[in-house]
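Below is one structure, written out as structure tokens; the observations come after it.
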Amino acid sequence: MTFAAPVETKSIRFRARSFVAFTLTPEAPITDWLEGLDHWIGNSPGYFNGRPVVLDLNVLKPDVADIALLVASLAGRGIRVYAIELEGASLGLDLPPLLSSAKEATAEGLLGRAARKARAEELEAAVAVEHAVPAEAPVAVLPAAVSANAAFQDDTSQDATVHEQEADPALAGLEAVRIEPATAEFAKAGSGQGALPQSSEPAAGTLMIKTPIRSGQSVFHPHGDVIVLGSVASGSEIVAGGSIHVYGTLRGRAIAGSEGNISARIFCRKNEAELLAVDGWYTTAEEMEGVSRGKAVQAFLENDALCVMPLG
Amino acid sequence: MGKVVVVTSGKGGVGKTTSTAALGAAVAKTGKKVALVDFDVGLRNLDLIMGAERRVVFDLVNVIQGTAKLSQALIRDKRLETLYLLPASQTRDKDALTEEGVEEVIGRLRQVFDYVFCDSPAGIERGAQLAMRFADEAVIVTNPEVSSVRDSDRIIGLLDARTMRAEQGEHIAKHVLVTRYDAARAARGEMLSIDDVLEILSVPLIGIIPESQDVLRASNLGAPVTLSEPINAAAKAYLEAARRLEGEDLPVVVPFERKGFLDRLLGRRAA
């Protein structure tokens, strides 16, 4: 949109632009939640550096004084809150601005709140399984509702809207943030090196990557399968909501079923993986030594245990 | 318009600077005009390897900041009149380089020279990214060691994401140059094999440089090995790599260990 300014010669341009942000959704009791967050930051230091964070307070619904305390305690952990999402609230000038009408960033595009609710219900069963897992089990037990993607969209009136996505709890501990192609603007500015040059979608929900995945790259595809035609290098990682198929050698980390999909599987032509995980259950290279290394394998869940079996 | 080739590796000490000098000199020998640009601001070495350290007056940072003209900073090689060096600054750091400044310098060099070789600093930070930013082609220098290969893989990922050509959706040609290859150690399985390296990196091979004392000696004497000892095995490998860089289709032969009867008897190591 272009607005002609009163001065004849110069006009000021306003543009709408989408950015992806992370949503933190604190839950009561807040001390436990902060403890979980601290534990998680300890595992992934520097995770929030330079990443825009939005506080979703629709679950907690605190009063203004508590919000100020929460923002301050997050600032103390190096997390700067860009905006707050809380329906029907009005906050003072000393707090971050309010955002509304968030949309979830998915492979199919941005989903509004209603669609998100439906999806949340869909996932409830899987999440219930997640909570049933005892803490000492060999599973990545991670603080819930920590990481998520959201997109800012500031329009001309500076009244921004947020698109956000509830990420899977089990995924939170993994240093993987890959933004969907539809809202990839922020990825370029922030973690651009994780972005892959060539990717196309043969079917809805499936991400096909025709190039090898290099060390340090991260593919995050929360709703669907990932197919890699090349190899996946040591020090790279794939996180998929569905299954992962690698037609080269898998040397990096593969995390399938990240949204709580227990029937997801990992397939590869040659297994040299650093880590294989399905729905939070994982096995490392050390544990796979001998039996399934260097072979074509598939990994899947059976009776709450991750099986890595040779193919064919 | 000349071609801009970045020589990079991620890991330090694998032979980027030595390879830049040797490849540059090899191409210049064929009569092409070649500029070698040292991007390792703060830790410059290319001038030493080229034997030009006592002739440095102005450097890349001076040119970018406008305190010297490009023609003042370029040093012509005493042995080859088609070979030039643009040294880095030793007293500044990498923040002295700006993307616009680098773009302008590279753009002007491209107009004058047939080949511009950019000697990248180690690492994946700003200096390395600026060195690769405007490249048309990349030579990824790798030792047959796991750490070096993984770092090279990381660099290849950056080349495909952070270079100007990649951002414009164009292809950036990449070549792997394996240096410090020790046939004896490879035969004993102490090093990664060439096949392993290529399988991991999935980038075409441009040459295999055998580990050689002559390369180190040449570097310390300030002469690229392709100029000072062209009959040496390493020099030959560099000369062939340069021909492949220019598009010639030469098969790459993996060096093997030559051991005569006497050598074996005396337990001598093959060079």
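The values are calculated or read from the model by the stated rules, or taken from the named source; none is laboratory data. Only a predicted model underlies this, so the values are computations on that prediction, with no experimental measurement involved. Cβ placement follows ideal geometry from the backbone for every residue including glycine, while neighbour counts extend to all protein chains displayed. To get the accessible areas, we keep the full protein, side chains included, count just its heavy atoms, and leave off ligands, DNA and RNA. Shrake-Rupley method; radii C 1.70, N 1.55, O 1.52, S 1.80 Å.
Numerical summary
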| read-out | value |
| --- | --- |
| Added length on full extension, which subtracts the Cα-Cα distance from 0.36 nm per residue, B:Glu100 to B:Val146 | 13.0 nm |
| Folded to 0 to 90 degrees: helix B:16-29 orientation relative to chain B principal axis, Cα | 80 degrees |
| Chains B and A together, accessible area buried on both sides, 1.4 angstrom probe, square angstrom | 1200 Å² |
| From phi via Karplus (6.51, -1.76, 1.60), per-residue ³J(HN,Hα) for region A:89-96 in Hz, x at Gly/Pro | 9, 9, 10, x, 6, 7, 9, x |
| A:Met309, B:Met191, reordered so the largest accessible area comes first (probe 1.4 Å) | A:Met309, B:Met191 |
| Projected area averaged over orientations for region B:31-95, convex hull of C-alpha atoms, nm² | 4.2 nm² |
| Heavy-atom SASA rank of A:Ile262, B:Ile106 (probe 1.4 Å, accessible area, largest first) | A:Ile262, B:Ile106 |
| Simple spin-label estimate for B:Glu53 and B:Gln168 in nanometres, 7 Å along Cα-Cβ | 3.8 nm |
| For A:224-235, mean number of other protein chain Cβ atoms within 10 Å | 2 |
| Members of B:Lys3/B:Lys33; A:Lys295/B:Lys174; B:Lys69/B:Lys174; B:Lys94/B:Lys174; B:Lys69/B:Lys94; B:Lys11/B:Lys33 lying beyond 22 Å, as alpha-carbon distances in this model show | A:Lys295/B:Lys174; B:Lys69/B:Lys174; B:Lys94/B:Lys174; B:Lys11/B:Lys33 |
| Chain B: antiparallel DSSP beta bridges as a percent of all, rounded to 5 | 5 percent |
| GluC sites (Glu not before Pro) restricted to DSSP loop in region B:61-131 with at most 16 other C-beta within 10 Å | B:Glu81, B:Glu125 |
| Angle in degrees between helix B:146-162 and the longest Cα principal axis of chain B, rounded to the nearest 10 | 30 degrees |
| Cleavage-rule hits, trypsin sites (Lys or Arg not before Pro), region B:75-115, DSSP coil, Cβ neighbours within 10 Å at most 13 | B:Lys78 |
| Full-extension gain in nm, B:Arg188 to B:Thr91, via 0.36 nm per residue minus C-alpha separation | 30.5 nm |
| Cβ neighbours within 10 Å from other chains - mean over B:147-159 | 5 |
| FRET E, pair A:Arg80, A:Tyr247, Förster distance 35 Å, beta-carbon r, rounded to 0.05 | 0.25 |
| Size descriptor, Kirkwood hydrodynamic radius, that averages inverse alpha-carbon separations across region B:1-133, Å | 14.2 Å |
| Test item: B:160-168 mean partner chain Cβ contacts at 10 Å | 3 |
| Fraction of antiparallel bridges per DSSP, region B:63-216 only, in percent to nearest 5 | 15 percent |
| Accessible-area composition of region A:214-312, carbon plus sulfur, in percent [1.4 Å probe] | 51 percent |
| Dimensions in Å of region B:99-241 - Rg and Dmax from alpha carbons | 16.3, 49 |
| Whole-number percent relative contact order across chain B, with pairs defined as alpha carbons under 8 Å at least 6 apart | 24 percent |
| Hz values of 3J(HN,Hα) by residue in region B:83-100 - Karplus curve (6.51, -1.76, 1.60), Gly and Pro given as x | 10, 10, 10, 10, x, 8, 8, 8, 8, 9, 10, 5, 6, 6, 8, 10, 5, 5 |
| For peptides A:231-237, A:77-83, sequence by mean Cβ density within 10 Å, most packed first | A:231-237, A:77-83 |
